[in-house]
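Structure first, commentary second.
The values are calculated or read from the model by the stated rules, or taken from the named source; none is laboratory data. From a predicted model like this one, the values you see are computed outputs, not experimental measurements. Note: ideal-geometry Cβ built from the backbone for every residue, glycine included; neighbour counts use all protein chains shown.
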Amino acid sequence: MIRIVRHISVRFWLTTLMVLPSGFILFPRLSGWLSDMPASVFILLMYVVFGLGLGLSMDIAGLWWIRRLVRDAQLWERSGIATRAEKKFIRAVRIYDSAWISPLAARRVGPMLTSALARFYLASGSRRREIQGAASVWLAQNPKDESLARFWLERIQDQDISGTSTQSILTVLADNWYADPDLCRILVGVFLNQGRMDFSARRLYQSFLNMIDMTGGNKALSQEDKARVETIRDMMSGRLDTPEPEPEPEMTEPGLGTLGDERVDLATFMSGDQGGDGESASPGDQAFEDGPAGWRPADEIYFGQESSGWMSALMSGISRKTSDSSSFIADRTGKAKHAVLNLIQAREKWWGRVWGTMIACLGVWLIFFVWGTFSHMFKTAEQPAQQIKVVIPKPFTIQVAAYHKKAHADKYMATLTQKGVESAMKVADGGGKTWYLVQVSEFTDQKSAQVYGNQLKADHVINEFFVTKK
């Protein structure tokens, strides 16, 4: 899933980097041909075209590159130069894991690359993690590859095989090769070393025992196979499952001169009582001082034992001081180590929050950038044009007639209309009467009104006139 998300994100941003400049260049030049196409549809088509073209180009280049590296690595391997072959294989693996090829293209080249890596690992003994994992993956997918299975089982004899993936591969191989004599013998050795007693292991053991019985029993077997047969029978009979009795703890003898042991006070075995100064309290004790040859008095015996205790105590104290100083240094070192680890963990948490904040800000900025770019590229719908009426003030007119009756004014206006002159009627009061005034046209100034009135008078359209305000 992570690989798919990484592939989509990388391809999307590469496509975006190609589409945005191309859109600014191509859209104005193609606007004459694409007059009815919105900019959003044009950009979407560009994303599809550029995305498909970029994806196919990168897939073709990546597949060609991987196949060439694998071919060169195999040539170096046949030449006996394993180090250069390993470098070529590592480069091929890195290209395979990168965004150069899509997951669909990776399915095409994956089996070929995994098979080549597995064979190189089992033949050369490479210790690279990328190459070691390829053999396990190939065997998990193709457990019936006998040669690779045999080489792989021989390689893992001196390796740690306690991992779940290795045990799963061993189970698959045991389920597929329990009837093969050679591979069954190798698998039995591996399973016995691990102490496995699951269903696959029991079936493998039983198949091995059946093969032994068919070949004539234990007479023609090697010592190793005999030991395996005995171990299998003991394990299957359950005798090895009984827990062994725990050994009894050894008791240390006291009086060895250490500070932790209890020293025997020889004064308790002396006859009579001793005073506080160590001398005998009764005259009979003097007989022990003058005893037979080789006999030492009690105080000398006690003094010798006491001296031995002092030396032992001194040496034990020195060793304890040394151990105490070592434990002190170890304790300080452990505390310093824990402090450094806590500091690193705290810094990791702090840096994680800082990086999260920076990535969030970068994401917001990218969203704003993309949205701003698209908003400028998308052309809004064109609004219909509206005619703006400009009102020019025309306060002047020419008055050509005035009547007391409206009928007379209407008749005169009809006469002017027949002559092609538009007129208007205005009602006004004056002198106690109602007047119907006939006015012709409107003008911005008195001069133009005077000129127009003189023209009408010269054409005998009107008799008299004067300029007035409306």
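Of everything in the stretch 88-101 that's out of contact with any Gly (no Cβ under 6 Å at 6 or more places or on another chain) and at pLDDT below 85, which residue is surrounded by the most Cβ atoms within 10 Å (Cβ to Cβ)?
Per the criteria, the residue is 99.
What single numbered condition from (1) in contact (Cβ under 8 Å) with a residue 24 or more places away in the chain; (2) more than 18 Å from residue 8 (Cα to Cα) fails to hold for residue 78?
(1)
Failed condition for residue 423, given (1) in contact with a helix residue (DSSP H, G or I) (Cβ under 8 Å, 6 or more places away or on another chain); (2) more than 23 Å from residue 406 (Cα to Cα); (3) not basic (Lys, Arg), with all others met?
Answer for residue 423: the failing condition is (2).
In the stretch 74-100, what residues are out of contact with any Phe, Trp or Tyr (no Cβ under 9 Å at 6 or more places or on another chain) and of a type in the set (Val, Ile, Thr)?
Listed by number, the residues that qualify are 81, 90, 93.
Of all the residues that make up the stretch 107-132, how many are touching a residue at least 40 places away in the same chain (Cβ under 8 Å) and either hydrophobic (A, V, I, L, M, F, W, C) or surrounded by fewer than 21 Cβ atoms within 10 Å (Cβ to Cβ) (or both)?
11
Being surrounded by 10 or more Cβ atoms within 10 Å (Cβ to Cβ) and of a type in the set (S, T, N, Q) is the filter here; which residues of the stretch 381-426 pass it?
Those that are surrounded by 10 or more Cβ atoms within 10 Å (Cβ to Cβ) and of a type in the set (S, T, N, Q): 397, 399, 415, 417, 423.
Every residue in the stretch 436-470 that is exposed (fewer than 14 other Cβ atoms within 10 Å of the Cβ) and charged (D, E, K, R), please.
445, 447, 459, 464, 469, 470
Scan 58, 46 and give me the residue that is in contact with a Gly (Cβ under 8 Å, 6 or more places away or on another chain) and either buried (at least 18 other Cβ atoms within 10 Å of the Cβ) or not assigned by TED's automatic domain parsing to the domain that holds residue 11 (or both).
Within the list 58, 46, the selection yields 46.
Condition first: more than 30 Å from residue 73 (Cα to Cα), modelled with pLDDT of 80 or more and among the acidic types (Asp, Glu). Can you find one or more residues in the stretch 158-180 that meet it?
Within the stretch 158-180 (the criterion being more than 30 Å from residue 73 (Cα to Cα), modelled with pLDDT of 80 or more and among the acidic types (Asp, Glu)), the answer is yes, since at least one residue qualifies.
Search the stretch 61-75 for residues being crowded, with 16+ Cβ neighbours inside 10 Å and under 30 Å from residue 13 (Cβ atoms), and hand back the single one that is nearest to the chain's Cα centre (by Cα).
Residue satisfying both the conditions and the ranking: 62.
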